[in-house]
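First the structure, in the form of structure tokens, and then the observations on it.
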Amino acid sequence: MRKVDLIVIGAGPAGMSAARRAAQQGLDVLILDEQPAAGGQIYRNVGQANAKRSEILGKDFIHGQTLTKGLDHANIRHLKGAVVWQIEEGTRVSYTQNGIGAIVEGQRILLATGALERPMPVPGWTLPGVMTAGAAQILLKQSGIACQNAVLVGSGPLLYLIATQMVRAGVPPLAIVETQTKADLAKSMRHLVGALRGWSYLLKGLHMLWELRRAGIVRHVAATDVAIEGDQRAQAVVFITGKTAHRIECDTVLMHHGVVPNTQAARSIDIPHQWDAAQSCFVPDCDAAGRTAVSTVFIAGDGAGIGGAKAAALMGEIAALEIAHDLERLTKTDRDAATQDLHKLLATERSARPFIDAAYPPYAGAIAPADETIICRCEEVTAGDIRRFAGLGCLGPNQTKAFGRPGMGPCQGRYCGLSVSQILSATNDMSLDDTGYYRIRPPLKPVTLGELASMDVSASEG
């Protein structure tokens, strides 16, 4: 079995920066990443971006090249297309690559699994032609394809970013339908003074809004009763603002109302999680260096709480330095000296987050969807089904599996888990912490018997 000092799962900003910093401290680092190239979702395919695509996606995207280049180090081995499906005892990781299974053991493991887009179940969201806004951005980053005749729906700065990128690509969206309200903005003002420390993010937001206004993009704010109409595919978005009903015909609907930590891997090894009311999601319990209740496992980046790409990279460095100290490659004095400025920079990067979280909350209509709305797409379980299960005595998401199989499809609950927990919590009048989340068990991703049977011992040892 191959043994290394540090296994990094994920090659986004947190994973890349952690790997580089750990390698500089003399650690033998192995990166396991599902993607064909380093960068994660935020910097996807950044190494292959040509001049035109770089102009469309912007300077923040191109910054990812500094991180991908940092992986060129003698102490780093980067396995691309490696799908992690099990973590055992906080040291052993099972994965498949090119149809072959393998196992590696590390003295420490860093989970840098990033975030998932928050599910936004509204009537019609399962129709062909409806996708997440992040998926549309992946198409643009990976293949240079921009969605045409599209409407963006939801809340959050990512909608503005994608809309401006579509404008630069020459296929502007038909409209942006936003669900945040003036009351949300008013509530966010109590965080404004702190947010001014992160003034660059506020300035970028204002610049994007100016760019969209200059391009003539229509914005509908405080939308309610959002639904997608269509027979065989999406044909229109309908909604209400104030007392006015709207209908916008379109071919594509791009939905987004925030991102949440991808906690599947952490939950699979029983790392405790708590409900974060400010970000409306579950986050893992870990300290300032990313250490969890499983002493050999650390978490960095958006998987530990949403903070953005630059914050994730800083968290990765801090975790790497703590791991180097654990493995006696760095003294406590040197660790403290190296992390002092990183913690200050991280605090600055996070300073605008409370303002953003308050100004752009999740869409209430998707948190408490109508009974007929599908929640679990894999098993076609509706919100009404979940409420009916609660009426029969179901108290938590794991019990719902016995009642109706939500969370038991190919996505293994990644895209319905949060919705199921929130619907149960509201119906049973229980806290989210008491309601809980799905119990995650391996395999984390589907693995075939052929991949297990072809377990390559030499690859594991190599």
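One table, with the values for the structure above:
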{"quantity": "Length added when fully stretched, GLU89-ALA364, from 0.36 nm per residue minus Cα-Cα", "calculated": "95.0 nm"}
{"quantity": "Proportion of all alpha-carbon pairs of the stretch 368-430 beyond 13 Å (%)", "calculated": "52"}
{"quantity": "Separation in nanometres of the label points that stand 7 Å from Cα toward Cβ, at GLN399 and MET430", "calculated": "0.5"}
{"quantity": "Between the stretch 111-126 and the stretch 228-254, the Cα center-to-center distance that results, in Å", "calculated": "20"}
{"quantity": "Within the chain, helix-based [θ] at 222 nm, where runs of 4 or more DSSP H residues each add -39,500 (n - 2.57), nearest 500", "calculated": "-10500 deg cm²/dmol"}
{"quantity": "At R0 = 35 Å, FRET efficiency that the Cβ-Cβ distance of ARG247 and LEU185 yields, to 0.05", "calculated": "0.85"}
{"quantity": "Net charge of neighbours whose Cβ lies under 13 Å from the Cβ of GLN274, counting Lys and Arg as +1 and Asp and Glu as -1", "calculated": "-3"}
{"quantity": "The stretch 169-186 and the stretch 377-452: distance between their alpha carbon centers, rounded to Å", "calculated": "31"}
{"quantity": "Fraction of antiparallel bridges per DSSP, the chain only, in percent to nearest 5", "calculated": "50"}
{"quantity": "For the chain, Cys with no neighbouring Cys Cβ under 4.7 Å", "calculated": "CYS147, CYS250, CYS281, CYS286, CYS378, CYS394, CYS411"}
{"quantity": "Packing-based exposure ordering (other Cβ within 10 Å, fewest first) of LEU444, LEU418", "calculated": "LEU444, LEU418"}
{"quantity": "Relative counts (whole %) of C-alpha pair distances in the chain, using bins that are 10 Å wide", "calculated": "4, 20, 30, 28, 15, 3, 0"}
{"quantity": "Neighbour count of at most 11 Cβ within 10 Å plus DSSP loop: longest GluC sites (Glu not before Pro)-free window in the chain", "calculated": "90-327"}
{"quantity": "Across LYS310/LYS445; LYS80/LYS310; LYS59/LYS141, pairs whose alpha-carbon gap is larger than 18 Å", "calculated": "LYS310/LYS445; LYS80/LYS310"}
{"quantity": "Relative packing of 187-194, 142-149, 12-19, which averages over residues the other C-beta atoms within 10 Å, highest first", "calculated": "12-19, 142-149, 187-194"}
{"quantity": "Euclidean distance of C-alpha centroids, the stretch 299-322 and the stretch 255-282, integer Å", "calculated": "15"}
{"quantity": "Sorted by Cβ density within 10 Å, fewest first, the residues SER54, SER295", "calculated": "SER295, SER54"}
{"quantity": "Residue-span extension gain [LEU192 to ASP287] - 0.36 nm each, minus C-alpha spacing", "calculated": "31.6 nm"}
{"quantity": "Extension gain (nm, one decimal) between GLN274 and LEU452, 0.36 nm per residue minus Cα-Cα", "calculated": "60.7 nm"}
{"quantity": "For the chain: relative contact order, % (alpha-carbon pairs under 8 angstrom, 6 or more apart)", "calculated": "20"}
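Values quoted throughout were computed directly from the atomic coordinates according to the rules given, and no laboratory measurement underlies them. Keep in mind it's a predicted model, so treat the numbers as computed, not measured. No Cβ is skipped: glycine too gets one built from the backbone with ideal geometry, and neighbour counts run over all protein chains shown.
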